[in-house]
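Single-structure report; data block below.
Nothing in this text is a laboratory measurement; each read-out follows from the coordinates by a stated rule. Here the structure is a predicted model, which means the values were calculated and not measured. FYI the Cβ positions are ideal-geometry reconstructions off the backbone, even for glycines, and counts take in every protein chain you see.
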Amino acid sequence: MLCLMEIAKNAVVAIEGWFDPSPSNPALLGTQCTECSTFYFPREELFCKNPRCSSTSFDQVRLSSRGTIWSFTDAQYQPPPPYVSGDPFEPFALVAVELEREKMVVMGQAAHGYQVDDLSVGMAVELVVETLYEDENNSYLIWRWKPDGASKTSKQAP
Amino acid sequence: MGRVEPVAVLGIGMHPWGKWGKNFVEYGLVAANAALKDAGLTWSDIEFISGADTIRNGYPGFIAGATFAQALGWNGTRVSSCYAACASGAQALANARAQILAGLCDVALVIGADTTPKGFFAPVGGDRKDDPDWLRFHLMGATNPAYFALYARRRMALYGDTHADFAMVKVKNSRHGLANEFARYRKEVSVEEVLASPVVADPLRLLEICATSDGAAALVVTSLDFARKHSGLSGAVKVAGISTVTPSFPNTVIEMPNFSTDSAVTHEISGPTFRDSIAWAAYEEAGIGPQDVDLAEVYDLSSALELDWYENIGLCKPGEGARLIRDGDTQIGGKIPVNPSGGLSCFGEAIPAQALAQVCEMVTQLRGNATGRQVDGAKVAVSANQGLFGHGSSVVVTK
């Protein structure tokens, strides 16, 4: 997945504390209310957002790393900063994923090389960690969603 | 909430939408003076000025009410400024109505104006890793059209809507806007032209996504007593209901600028979605239902989103939106015309002005002055709109 140039760089998460980038066992890091069990991603640690609950106590949790696609789209035009685009800009797909245990939908980019033609509503996906962008010293890691066992149709696979 | 006493709309005014490259204050002044003239009043008659803010024009935009008061000439008028993203105009109108219904003033001026940059809306600058609006661009490259596209693709999967259905919404609105002197885009397009335009966020194409525009709209609203004394009321259109609702937990539809929905583990999900709830609060205040509505102005940020709104405001059941566009029900002359102004499709979005522009169109229609796009016999109209970060916006006007 990483080319030689990238290996020489320091791999760091693009945002601290939102996900565990471990290649063997990646996961989104959220919280769960200790009173009403509501899940949160990104983490909620101050006050439960369930209006019938006034808890201020939360457990750290790893969210389900598998889910199904609620909907999907792509970016055919280069998003404005603070998105860091490659040159030339390479279109990417976005997915909104339903997590069964958490009863919530979480967004993310689709794994590199997967385009909208590879995706469908209801398709099973799993969490992966890939490089979002790089600078001179670092490659910045992000969570993405990869179709479970599907083959990609894209011509621009890595 | 129950029924709420109406206020009268004595004056409406707009600055044409476009990319004029001028300061937003100039547009606001044009709209305000047009609304005052339309009402037969002057700035010195105004007892309360309510500004809808813009966040892209520096400090004067953050305190728009005061900016417009100064531009019109300081005279001690009481002021409020508010920001509620795309719903700012409805919120500014709600503030003015509250002052009138509380008996604190009789005559209020409501103004929204914006000058927009080119291209995608981008978040406020800086390195702001605690702002979800900044983070969604940085971590996902998720632009506004990306969220609209998620809804569109979901409709295709759930209801079998097609690209052609979405394109027909654009075609209808382009036809409606032809006769609107305030619209930015006044050119009829065909389904083929829409489908030949480049994909921005699959399945949405360039001609199906609303542009960002400069523009301004203003209203003069008064107590019914004042309207009766000033103009005999008989002709005055009334604001009969305003919705400024927020979502109810758990909000289970992914929304800009969020990374996730609420978790619904504590609730059985069956209730209405946030968008479903928006217009109903205005209906309730007005004591009407969707069956009473003669026309609607809805926020067509994308072609497909207009179909969602048909269902959200109760013009049809969930999943039936595409049938309405296929059958021609929502074109002028159809059963329930939607966006006779041409909608965002013909205007582009001038954020703080847009919800007020919807009201201007509804008042024009109810007055019978919508030359070239008149909905015959219109007596009741509803607008619907949704602002980033959970701002509902809907206004019911009646004759």
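Treating r as the C-beta distance of residue B:317 and residue B:127 and R0 as 45 Å, the FRET efficiency rounds to 0.45. Dipole of segment A:12-147 computed with +1 at Lys/Arg Cβ and -1 at Asp/Glu Cβ about the Cα centre; of A:58, A:69, A:85, farthest Cα towards the positive end is A:58. Applied to segment B:383-394, the Karplus parametrisation 6.51 cos²θ - 1.76 cosθ + 1.60 on θ = phi - 60° returns per-residue 3J(HN,Hα) values of 10, 8, 6, 9, x, 2, 6, x, 10, x, 8, 7 Hz, with x for Gly and Pro. Highest GNM mean-square fluctuation among B:262, B:165, B:276, for chain B modelled with Cα contacts below 10 Å: B:262.
Along its principal axes, the protein assembly as shown has C-alpha extents of 78, 51, 46 angstrom, given from the largest down. Averaging sequence separations of C-alpha pairs under 8 Å and six or more residues apart, then dividing by the length of chain B, give the relative contact order as a whole percent. Contact order relative to length: 25 percent. When Rg and the Kirkwood Rh are both derived from Cα coordinates, the Rg/Rh ratio for segment B:183-326 amounts to 1.03.
The string of couplings for segment A:51-66 from the Karplus curve (6.51, -1.76, 1.60, θ = phi - 60°) is x, 8, 10, 10, 5, 10, 10, 9, 8, 6, 9, 8, 6, 3, 9, 10 Hz, one whole number per residue in order, with x for Gly and Pro.
The charge dipole of segment A:12-147, taken about its Cα centre with unit charges on the Cβ atoms of Lys, Arg (+1), Asp and Glu (-1) only, comes to about 620 debye.
Per residue, the average separation of C-alpha pairs within less than 8 Å and at least 6 apart gives segment A:12-147 a relative contact order of 24 percent.
For residue B:195, the shell of other residues with beta-carbons less than 12 Å away shows a net charge of -2, using +1 for Lys and Arg and -1 for Asp and Glu. The modelled label-to-label distance for the pair residue B:186/residue B:102, using points 7 Å beyond Cα in the direction of Cβ, is 4.1 nm. Taking a straight line from the alpha carbon of residue B:229, these lysines sit under 28 Å away, with near neighbours fewer than eight places off in the same chain left out: B:37, B:238, B:379, B:399.
Entry note, segment B:1-153: relative contact order of 23 percent, from Cα contacts under 8 Å with a spacing of 6+ residues.
Only Lys, Arg, Asp and Glu carry charge here, each on its Cβ (+1 for the first two, -1 for the last two); on that basis the protein assembly as shown has a dipole of about 1140 debye about its Cα centre. Positive-end ranking of B:359, B:265, A:111 along the dipole of the protein assembly as shown, with charges on Cβ about the Cα centre, is headed by B:359. Helix B:303-312 and the longest principal axis of the C-alpha atoms of chain B enclose an angle of approximately 70°. Peptide B:142-148 has a mean of 5 when you count, residue by residue, the C-beta atoms of other protein chains within 10 Å of its C-beta.
Among the chymotrypsin sites (Phe, Trp or Tyr not before Pro) in segment A:24-123, those located in a DSSP loop and surrounded by at most 12 other Cβ atoms within 10 Å of their own Cβ are A:47.
Under conditions of 37 °C and 0.692 mPa s, segment B:1-116 yields 230 µm² s⁻¹ as its translational diffusion coefficient, taking Rh as the Kirkwood radius over Cα pairs in the Stokes-Einstein equation.
A simple count of charges around residue B:335, restricted to other residues whose Cβ falls under 11 Å of its Cβ and scoring Lys, Arg +1 and Asp, Glu -1, yields -3. Taking every DSSP bridge with both residues inside segment A:12-147, close to 90 percent are antiparallel. Cross-linked pairs B:118/B:187; A:49/B:170; B:118/B:170: Cα-Cα separations exceed 29 Å for A:49/B:170. Among B:88, B:50, B:277, the residue with the largest mean-square fluctuation in a Gaussian network model of chain B, with springs joining Cα atoms closer than 10 Å, is B:277.
Rg/Rh for chain B (Cα atoms only, Rh after Kirkwood) is 0.95. For segment A:19-123, trypsin sites (Lys or Arg not before Pro) are listed when DSSP marks them as loop and at most 13 other Cβ atoms sit within 10 Å of their Cβ; the list is A:52, A:101. Here each label is just a point 7 Å from Cα along the line to Cβ, and for residue B:74 and residue A:54 those points are 4.5 nm apart. The C-alpha atoms of segment B:39-97 occupy a region whose extents along the principal axes are 30, 23, 17 Å, arranged from largest to smallest. When chain B is treated as a Gaussian network with alpha carbon springs shorter than 10 Å, the biggest mean-square fluctuation among B:137, B:68, B:274 belongs to B:137.
Ranking B:247, B:389, B:291 by Cα position along the charge dipole of chain B, where only Lys, Arg, Asp and Glu carry charges on their C-beta atoms, puts B:291 farthest toward the positive end. In plain terms, the C-alpha convex hull of chain A casts an average shadow of 10.5 nm² when viewed from every direction.
Note on A:92-103: average number of Cβ atoms from other chains within 10 Å of each residue's Cβ is 4. Placing +1 on the Cβ of every Lys and Arg and -1 on the Cβ of every Asp and Glu, with no other charges, gives chain B a dipole of roughly 600 debye about its Cα centre. The packing ranking of peptides B:12-24, B:101-113, highest mean first, is B:101-113, B:12-24, where packing means the average number of other beta carbon atoms within 10 angstrom of each residue. Cα centroids of segment B:67-135 and segment B:245-303: 22 Å apart. Partner shielding of B:197-207 amounts to 4, given as the average count of beta-carbon atoms from other chains within 10 Å of each residue beta-carbon.
Packing order of peptides A:130-141, B:26-37, highest average first: B:26-37, A:130-141 (average count of other Cβ atoms within 10 Å over each peptide's residues).
Computed over neighbours whose Cβ is under 12 Å from that of residue B:124, the net charge equals -1, Lys and Arg +1, Asp and Glu -1. Please work out the Cα center distance from segment B:5-51 to segment B:313-342, rounded to the nearest Å. Going from one Cα centre to the other spans 31 Å.
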